[in-house]
Amino acid sequence: MTARWAAGADLVVVGTGVAGLSAALRARELGLRTLVVTKGAANDGNTRWAQGGVAVVLPSEDAARDSADSVAAHAADTVTAGAGLCDEAAVEEIIAGGPAAITALRGLGARFDAAEDGRLARTREGGHTAFRVIHAGGDATGAEVERALLASARDGAIPMLEHHVAVDTARTASGAVVGLLLLDHNGIPGVVHAPAVLLATGGSGQLYQATTNPDVATADGLSVALRAGATAADVEFVQFHPTVLYTGAGARGRCPLVTEAVRGEGAILLDATGARVMAGVHPLEDLAPRDVVSAAITARMTQAPGGVDDHVYLDATRLSTVDFKRRFPTVYAACAEVGVDPLVDPIPVAPAAHFHCGGVVSTVDGRTGVTGLYAAGEVARTGLHGANRLASNSLLEGLVVGARAADAVAADLAAGLLATPCTAPGPAIPVAPIADRDTLQRVMSRYAAIGRDAEGLAVVGSVLDVSTVDRPLDSRQAVEDAALTLAARAVIASAARRTESRGCQVRTDFPERDEQWRHSLVVRLNPSGQPVLAAPLELRGAA
Ligand code: SIN
């Protein structure tokens, strides 16, 4: 089946999260004809679920607390959290872009919480050595960021195709991207011809049974990019958030987050016996980087006397300096729904899949190695996160890299570097391997979460082999399931090759960090469409 409808633009942005909307708004300023497409409603993405905030160093006249903080200190914390795999040049550029990005966002009407002296309030989260995380609505930062960006996009009448899923890129014979094949809400295929496509599709939390991500986080952009010939890197590093509200052993899909800022304000982790989980584990204790806290909780749960515990507790009952209900209204409401009063009861929590640190190899300007294809936000691997993302760096990355990607498209167009889209019919609907989603989530959760080994990763491979069939990508469900299948294979291939523990990759059969692995693993598709490890590349400046 080939495209039955067509449209044209200078730039197609896929995704309506922080990166996609930042790109679209900047592209409009630059005069690019821009079309935004999203497979759900415009506000269905992951951005609105972000709680903690935006990590950014602002001048002390703007923000309260820690006036001695610096961009260099923020960059250093990012590199420390990244466990040896950050690209330090990318870290410096993205972090340095934060203050201007926040100023621009406030200019669009985003409102961040104020301290008593009227300056912006700042909190701490895991891995930060200073109070530098600004927040909105207490613990509803993502919702406010999304509200401001979406309102501006709508005010600016940026065209938006909701309920259209991206299936594949249209490419020239030499491989340049010149458009995008989509399915509309009735499954009717169409093509948007454009010399530039920006993937801002978010992450892949639905690889696992329990995640903080909404249903839409199905690794779509990663698979579109790999099929277009792009490379991906660091995909074995799936970050598990340490404190997701535990609602019972059968929790599935999006589970409520309990922001790290609760620990930033002084809450501590306790096991079932009331012993502290993080004492003696790391100098920052409960505010250690996220990979360290998630691994420590997992270890404590598996070592529990009398069998395996499936959760620990976050004790916020002794917070004296914050009004919990006002500071953390989202967490308070989620707890109330399951009968927990955080002012009185320790909150039951367990780690759950949260953020894909790796992704499509991209520069800090969103350029991938494929002409006409750009990526920004969680789908991209810029080198900012390395093996473990520092808390609250992702909204920042989306704002900075999203806008820079629009500049890159404008510059590449002006320099004549992009291919001319033809108006011939778009590509045919591709056929791809699709595994049963429930089976995939079960084996990924059992064998490819925190605590992996060679045997378990091989089990995932075998189970995917027997539960996979080739099917046409002729519905949103098929597109998502194919993307999850491809992403799962990429994760397990990289996780199996990396015979060490580093950042978010915890190997029980290789528990130590091994400096011979202090480099990123790069994945590409082989001619039969399977993800394989490519020769190590110099990643700076993209593939
Ligand atoms: C949180 O609020 O704990 C999550 C923030 C983040 O993932 O950066």
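Results, tabulated for the structure shown:
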| item | result |
| --- | --- |
| Heavy-atom surface of the chain, accessible at 1.4 Å and reported per residue (Å²) | 36 Å² |
| Order by protection proxy (mean Cβ within 10 Å, highest first), peptides 293-305, 380-392 | 380-392, 293-305 |
| Nitroxide proxy distance, nm - points 7 Å out along Cα→Cβ at Glu515 and Thr499 | 2.0 nm |
| Computed FRET value (nearest 0.05) for Arg252 with Val466, which takes r as the C-beta separation and R₀ as 30 Å | 0.85 |
| Inter-part distance where segment 322-355 and segment 427-479 are each reduced to a Cα centre, Å | 33 Å |
| Size of electric dipole in the chain: Cβ of Lys, Arg +1 and of Asp, Glu -1, about Cα centre, debye, nearest 20 | 760 debye |
| Rounded to 5, the percent of DSSP beta bridges in the chain classed as antiparallel | 65 percent |
| Ranked packing of 329-336, 209-216, most packed first, by mean Cβ within 10 Å | 209-216, 329-336 |
| Cβ-derived FRET efficiency at R0 41 Å, Ala415 paired with Asp215, nearest 0.05 | 0.55 |
| Nearest-10 value in Å² for the accessible area of Tyr313, using the 1.4 Å probe | 70 Å² |
| Share antiparallel - DSSP beta bridges, segment 1-152, percent rounded to 5 | 45 percent |
| Sequence of Arg489, Arg318 from largest to smallest accessible area, 1.4 Å probe | Arg318, Arg489 |
| Label-zone membership for segment 36-68, site His163, 7 angstrom Cα→C-beta point, backbone N under 18 Å | 36-45 |
| Computed accessible area, Trp5, all protein chains, 1.4 angstrom probe, square angstrom | 70 Å² |
| Candidate residues Leu269, Leu35: accessible-area rank, largest first, probe 1.4 Å | Leu35, Leu269 |
| Share of carbon and sulfur in the accessible heavy-atom surface of the chain [1.4 Å probe, %] | 52 percent |
| Per-q log10 I(q)/I(0), the chain, q = 0.06, 0.13 Å⁻¹ (Debye; single scatterer per alpha-carbon; no solvent) | -0.26, -1.29 |
| Unit charges at the beta carbon, dipole of segment 344-439: most positive-side option, Ile429, Gly416, Pro348 | Gly416 |
| Exposure of Thr439 as accessible area (Å², to 10), given a probe of 1.4 Å and all protein chains | 40 Å² |
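The values are calculated or read from the model by the stated rules, or taken from the named source; none is laboratory data. No experiment lies behind these values; they were computed from the predicted model shown. All Cβ positions, glycine included, derive from the backbone under ideal geometry; neighbour counts span all protein chains shown. For accessibility, only protein heavy atoms count, side chains too; no ligands or nucleic acids. Shrake-Rupley method; radii C 1.70, N 1.55, O 1.52, S 1.80 Å.
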